[in-house]
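So the structure is just underneath, and the comments pick up after that.
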Amino acid sequence: MAQNPTYAMWQKLAAKPGGKQLFSSAMCLRVPYFRTVLPSVRDLRAGRCEVTAPKWWGVYNHIGTFHAIAACNLAEIAMGMLAEATVPMTHRWLPKGMSVEYVAKAETGLRAVAELPELPEFGDDGFELPVPVMITDTHGKPVVTAVITIWVTRKKD
């Protein structure tokens, strides 16, 4: 079965020196808004993605913490890369909705982990796939929880 080009690039680069950062930079060229949080993809495989982002002045809010919407951007990156690694080439995915809870101040850089409890079956019928994302600070404290729902359908021939 043909592999998603994004995931194939990850597999080619991830083990090489500087490969994860090169992949992350290429991802930001393809989706320019992602670069606003300076993301770094740390792990990517079917059903899981881990992305980190430093706390820098470009993500500060009025009280000097990581802005809530910048954290949402990080969650979307984790979800999107998970989808690229999980959804087969016979299907496509589109974000449909997002629910977010801000559970604590984000006073450090952040780590977002999108992880599916189990991989779905990809059939002929379209379906909603909720992707949970947990965002923690550098101490491992949860600061944001999100569920991003994607709509998955078979590609038309």
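Readers should treat all values here as calculations from the given coordinates under stated rules, not as data from a laboratory. The structure displayed is predicted, hence computed values, not measured ones. No Cβ is skipped: glycine too gets one built from the backbone with ideal geometry, and neighbour counts run over all protein chains shown.
Some observations on this one:
- Listed conditions (1) of a type in the set (Gly, Ala, Ser); (2) crowded, with 18+ Cβ neighbours inside 10 Å; (3) assigned to a strand (DSSP E or B) are all met by residue 97, apart from (2).
- Some residue of the range 105-123 being within 26 Å of residue 21 (Cα to Cα), among the acidic types (Asp, Glu), touching a helix residue (DSSP H, G or I) at 6+ places or on another chain (Cβ under 9 Å) and surrounded by fewer than 19 Cβ atoms within 10 Å (Cβ to Cβ): yes
- Any hit, the range 37-47, residues being among the charged types (D, E, K, R), touching a Ser or Thr at 6+ places or on another chain (Cβ under 9 Å) and touching a residue at least 12 places away in the same chain (Cβ under 8 Å): yes
- Selection status of residue 51, of a type in the set (Val, Ile, Thr) and touching a residue at least 24 places away in the same chain (Cβ under 8 Å): yes
- The range 35-66 - residue that is part of a helix (DSSP H, G or I) and within 13 Å of the chain's Cα centre (by Cα) and, of those, surrounded by the most Cβ atoms within 10 Å (Cβ to Cβ): 37
- First in the range 128-143 and among the charged types (D, E, K, R), second anywhere and part of a strand (DSSP E or B), Cβ under 7 Å, 6 or more apart: 128/96; 128/149; 128/151; 137/110; 137/143
- Residue 81, sole failed condition from (1) farther than 24 Å from residue 21 by Cα; (2) assigned to a helix (DSSP H, G or I); (3) of a type outside the set (Val, Ile, Thr): (1)
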